[in-house]
Amino acid sequence: MSHIVPALPYAVNALAPIISEETISYHYGKHHAAYATNLNGLLEGTGLENLSLEELLAAKEKWPEAKKTGIYNNAAQVWNHTFYWESLTPGGSKPSAELAAAIDKAFGSFDEFKKKFVADSVGNFGSAWTWLVKLPDGSLAIEKTSNAVIASTGKPLLVIDVWEHAYYIDYRNLRQKYAESLFEIWDWARASKRFA
Ligand code: MN3
């Protein structure tokens with residue numbers, strides 16, 4: 001089995017103008033795809049070729065020592081990018097009453113959540129990911145990770161990719177504008193299913 005990048009859940013131009021067709025062509029078609037290609041190369045001859053992505057990520061003790069960093073970085077980046085594309089939807093969608101109430105409880109209001117999520121996206125240094133997660137106690141929190149690292153404090157509900165390749169074509173150096181703009185296309189309906 002080869003790892004492949006799942007089909008986008010919408011057309012390549014469907015998130016424009018928030019995320020342009022050009023950005024998605026490169027980000028999905030080149031960056032995301034390259035992580036899968038690299039992963040397949042790293043797994044050759046390891047006996048791990050037939051594991052699904054989730055099985056592979058859960059079997060770190062079986063990874064050859066010399067390939068550990070490479071396998072983690074590429075497997076996690078395949079996973080993170082698929083999760084990112086699935087966090088977005090053309091035109092955006094609405095959170096369930098339960099998720100909306102959890103946001104109010106954790107952050108005070110939706111507007112306060114937006115402010116904090118944008119600030120934690122702008123302030124997440126370097127190539128990174130900022131996540132909305134459901135903690136084991138059922139409450140919500142924002143988690144910041146660096147490089148390829150997958151959220152670990154709770155169950156991920158949404159993620160923003162703040163690597164420069166995610167926004168430089170459309171927003172140049174304006175990471176804040178990119179982070180604010182994603183609030184027009186978050187797939188809150190899907191996040192609500194994850195929350196439930
Ligand atoms: Mn990316």
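When segment 144-179 is filtered for residues that are more than 17 Å from TYR28 (Cβ to Cβ), surrounded by fewer than 20 Cβ atoms within 10 Å (Cβ to Cβ), touching a Ser or Thr at 6+ places or on another chain (Cβ under 9 Å) and in contact (Cβ under 8 Å) with a residue 12 or more places away in the chain, the ones remaining, listed by number, are LYS144, THR145, SER146, ASN147, GLY154, GLN176. Restricting the first member to segment 69-88 and to residues that are over 15 Å from ALA7 (Cβ atoms), and the second to residues that are polar (S, T, N, Q) and modelled with pLDDT of 95 or more, the beta-carbon pairs closer than 8 Å and six or more apart or on different chains are GLY70/ASN38; ASN73/ASN147; ASN74/ASN38. Yes or no: segment 91-102 includes at least one residue that is of a type in the set (Lys, Arg) and closer than 24 Å to TRP163 by Cα. Scanning segment 91-102 turns up no residue that is of a type in the set (Lys, Arg) and closer than 24 Å to TRP163 by Cα.
Quick check: anything in segment 33-45 under 21 Å from TRP129 (Cα atoms), surrounded by fewer than 17 Cβ atoms within 10 Å (Cβ to Cβ) and not assigned by TED's automatic domain parsing to the domain that holds SER152? Yes, segment 33-45 contains a residue that is under 21 Å from TRP129 (Cα atoms), surrounded by fewer than 17 Cβ atoms within 10 Å (Cβ to Cβ) and not assigned by TED's automatic domain parsing to the domain that holds SER152.
Against the conditions (1) closer than 25 Å to SER93 by Cα; (2) assigned to a loop (DSSP other than H, G, I, E, B); (3) within 16 Å of the ligand (Cβ to nearest atom), TRP131 satisfies every one except (2). Looking at the structure I just gave you, is LEU48 under 30 Å from SER181 (Cα atoms) and not in a helix (DSSP H, G or I)? In short, no. Within segment 155-195, the set of residues being within 14 Å of the ligand (Cβ to nearest atom), over 20 Å from GLU21 (Cβ atoms) and in a strand (DSSP E or B) comprises VAL159 only.
Of all the listed residues (ASN13, ASN40), the sole one being polar (S, T, N, Q), modelled with pLDDT of 95 or more and not in a helix (DSSP H, G or I) is ASN13. Tallying residues that are assigned to a helix (DSSP H, G or I), over 16 Å from the mean Cα position of the chain (by Cα) and without any contact (Cβ under 8 Å) to a residue 40 or more places away in the chain within segment 98-128 yields 14. Residues that are surrounded by fewer than 17 Cβ atoms within 10 Å (Cβ to Cβ), of a type outside the set (D, E, K, R), out of contact with any Ser or Thr (no Cβ under 8 Å at 6 or more places or on another chain) and farther than 16 Å from ALA148 by Cβ within segment 59-89 comprise ALA59, ALA66, listed in sequence order. In segment 72-95, which residues are in a loop (DSSP other than H, G, I, E, B), away from the ligand (no atom under 16 Å from the Cβ) and among the small types (Gly, Ala, Ser)? Scanning segment 72-95 gives GLY91, GLY92. Return the total of residues in segment 6-61 being under 20 Å from TYR171 (Cβ atoms) and of a type in the set (S, T, N, Q). Summing the residues that are under 20 Å from TYR171 (Cβ atoms) and of a type in the set (S, T, N, Q) in segment 6-61 gives 4.
Given (1) under 30 Å from ASN13 (Cβ atoms); (2) surrounded by 15 or more Cβ atoms within 10 Å (Cβ to Cβ); (3) small (Gly, Ala, Ser), identify the lone condition not met by ALA106. That leaves (1) as the condition not met.
The values are calculated or read from the model by the stated rules, or taken from the named source; none is laboratory data. Since the model is a prediction, treat every value here as computed from it, not as a measurement. Neighbour counts are summed over all protein chains in view; Cβ atoms, including those assigned to glycine, are modelled from backbone coordinates with ideal geometry.
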